[in-house]
Amino acid sequence: MAGSGNSGIDPELVISHKFPESLHTYTERDAAIYALGVGACTKDAIDDKELKYVYHQDGQEFIQVLPTFSTLFTVGIPSQIEQLPGLPFDPRLLLHGQQYIEVYKPLPSHGCILNKTSIAGLHDKGKAAVLEVEILSYEKESGERLCMNRLSIYLRGAGGFSKSSQPYSYSSNRSNQSAFPKIPKSQPFAVYEECTHASQALLYRLSGDYNPLHSDPKFAESAGFSRPILHGLCTLGFAVRTIIKCICGGDQNMIKKVSGRFLLHVYPGETLITEMWLEGLRVIYQVKVNERNRAVLFGFVDLDRLSSSM
């Protein structure tokens with residue numbers, strides 16, 4: 001409740017925190033394992049639109065990299081915010097609510113990435129606090145800016161820190177680039193159905209997210225799930241890869257912005273149905289789980305142009 005100031009959060013201490021710069025080094029093997037982890041070539045091992053993510057197709061010198069690979073640069077953020085001064089919270093009550101990505105340049109197939117992290121927002125929602133963390137990523141050798149990731153993290157039980165009757169709200173994102181559109185009521189422009197594998201979370205975790213919620217049955221059960229669940233960023237990777245296949249004619253470099261809001265968990269082995277609506281250069285999408293007929297993810301993807309094959 002606004003004005004109660006009872007959570008122990010010190011907003012000024014939080015938003016003024018300076019993170020140390022960090023490095024993330026990866027190889028072609030890492031990029032290929034990620035692509036397989038988000039379903040590349042699952043339906044067809046010789047898919048001419050996806051083989052390039054895992055193999056030097058047609059003599060290409062390097063494999064191509066999916067734009068959502070950049071989300072791996074943010075994997076260590078939850079553990080970093082546990083150490084954030086002025087932000088006491090129960091790590092078991094942390095939820096990854098949203099992910100926003102801006103792509104400035106195609107990701108190289110291998111390299112060393114310099115990440116600069118900052119607090120982009122802090123909001124008192126009463127029973128919860130919402131923390132926004134922004135990561136700008138640069139190619140270390142050239143200094144070129146590659147991408148930006150912004151995470152919205154829900155800290156349940158950490159709200160109620162406002163000192164006045166107005167709930168505390170700070171955001172460095174003044175233009176509100178990641179505001180979510182409504183799902184259109186019209187028929188989708190395209191619909192794509194794809195099964196995840198029973199081992200999907202075990203494969204995706206090899207890309208660096210080793211949270212036992214996605215692999216340990218007893219841990220998952222203690223968190224209220226019948227079995228380990230799929231990583232939310234894995235589901236996002238499936239969705240964006242589907243848009244590249246269905247809307248972009250297989251050209252991943254058409255993707256300029258990605259925004260996703262996580263609504264519900266996915267169990268490995270379930271079938272994902274991605275519905276896509278095309279509005280100018282924006283694709284509005286929604287992902288549903290067929291077995292439970294529930295929406296699990298929605299958002300938008302902005303393109304720099306439309307595919308000539310459309």
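The values are calculated or read from the model by the stated rules, or taken from the named source; none is laboratory data. As the structure is a prediction and not an experimental result, all values here were calculated from the model. Backbone-built Cβ (ideal geometry, glycine too); neighbour counts: all protein chains shown. Accessible surface is based on the protein model in full, side chains and every heavy atom, while ligands, DNA and RNA are left aside. Shrake-Rupley method; radii C 1.70, N 1.55, O 1.52, S 1.80 Å.
A single entry from Leu13, Leu66 fulfils the requirement of being farther than 30 Å from Gly269 by Cβ and either in contact (Cβ under 8 Å) with a residue 24 or more places away in the chain or among the basic types (Lys, Arg) (or both): Leu13. Is it the case, given these coordinates, that Arg261 is open to solvent by 40 Å² or more (accessible area, probe 1.4 Å), among the basic types (Lys, Arg), at pLDDT 95 or above and in a helix (DSSP H, G or I)? In short, no.
When the residues of segment 90-117 are filtered to those that are more than 17 Å from the chain's Cα centre (by Cα) and over 21 Å from Val54 (Cα atoms), the one that is most open to solvent (accessible area, probe 1.4 Å) is Arg92. Take Leu230 and decide whether it is under 16 Å from Ala40 (Cβ atoms), of a type outside the set (D, E, K, R), within 20 Å of the chain's Cα centre (by Cα) and assigned to a loop (DSSP other than H, G, I, E, B). Answer is yes for this residue. If you go through segment 264-277 and keep only what is buried (at least 22 other Cβ atoms within 10 Å of the Cβ) and of a type in the set (A, V, I, L, M), you end up with Val266, Leu272. In this entry, Gly97 is excluded by the filter for residues that are of a type in the set (Gly, Ala, Ser) and more than 23 Å from Ile255 (Cα to Cα).
Do the conditions hold for Thr74, that is, is it farther than 28 Å from Ala120 by Cβ and β-branched (Val, Ile, Thr)?
Taking the combined requirement at face value, the residue does not satisfy it.
Pairs meeting the criteria (first residue in segment 269-291 and among the charged types (D, E, K, R), second residue part of a strand (DSSP E or B) and open to solvent by less than 10 Å² (accessible area, probe 1.4 Å), beta carbons under 6 Å, at least 6 apart or on different chains) are Glu270/Val289; Arg282/Phe300. Taking each residue of segment 181-196 that is over 20 Å from Leu233 (Cα atoms) and looking for partners that are in a loop (DSSP other than H, G, I, E, B) with beta-carbon atoms closer than 7 Å, six or more apart or interchain, yields Ala190/Ile247. Pairing each residue of segment 214-229 that is closer than 17 Å to Val266 by Cβ with any residue that is β-branched (Val, Ile, Thr), provided the two are 6+ apart or on different chains, yields C-beta distances under 7 Å for His214/Ile229; Ala220/Ile229; Ile229/Val266. Is it the case, given these coordinates, that Pro85 is in contact with a helix residue (DSSP H, G or I) (Cβ under 6 Å, 6 or more places away or on another chain), in contact (Cβ under 8 Å) with a residue 60 or more places away in the chain and farther than 30 Å from Val54 by Cα? It is true that Pro85 is in contact with a helix residue (DSSP H, G or I) (Cβ under 6 Å, 6 or more places away or on another chain), in contact (Cβ under 8 Å) with a residue 60 or more places away in the chain and farther than 30 Å from Val54 by Cα.
Table: residues versus (1) out of contact with any Phe, Trp or Tyr (no Cβ under 7 Å at 6 or more places or on another chain); (2) surrounded by 14 or more Cβ atoms within 10 Å (Cβ to Cβ); (3) of a type in the set (A, V, I, L, M).
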{"site": "Leu155", "(1), (2), (3)": "no, yes, yes"}
{"site": "Pro167", "(1), (2), (3)": "yes, yes, no"}
{"site": "Pro188", "(1), (2), (3)": "no, yes, no"}
{"site": "Ala201", "(1), (2), (3)": "yes, yes, yes"}
{"site": "Tyr204", "(1), (2), (3)": "yes, yes, no"}
{"site": "Ser207", "(1), (2), (3)": "no, yes, no"}
{"site": "Ile229", "(1), (2), (3)": "no, yes, yes"}
{"site": "Phe238", "(1), (2), (3)": "yes, yes, no"}
{"site": "Gly249", "(1), (2), (3)": "yes, yes, no"}
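Among the residues of this structure, Ser79 counts as one that is in a helix (DSSP H, G or I), open to solvent by 50 Å² or more (accessible area, probe 1.4 Å) and out of contact with any Phe, Trp or Tyr (no Cβ under 9 Å at 6 or more places or on another chain).
Only one of these is open to solvent by less than 20 Å² (accessible area, probe 1.4 Å), within 22 Å of the chain's Cα centre (by Cα) and β-branched (Val, Ile, Thr): Thr68, Thr25. Name it.
Sole residue among the options that is open to solvent by less than 20 Å² (accessible area, probe 1.4 Å), within 22 Å of the chain's Cα centre (by Cα) and β-branched (Val, Ile, Thr): Thr68.
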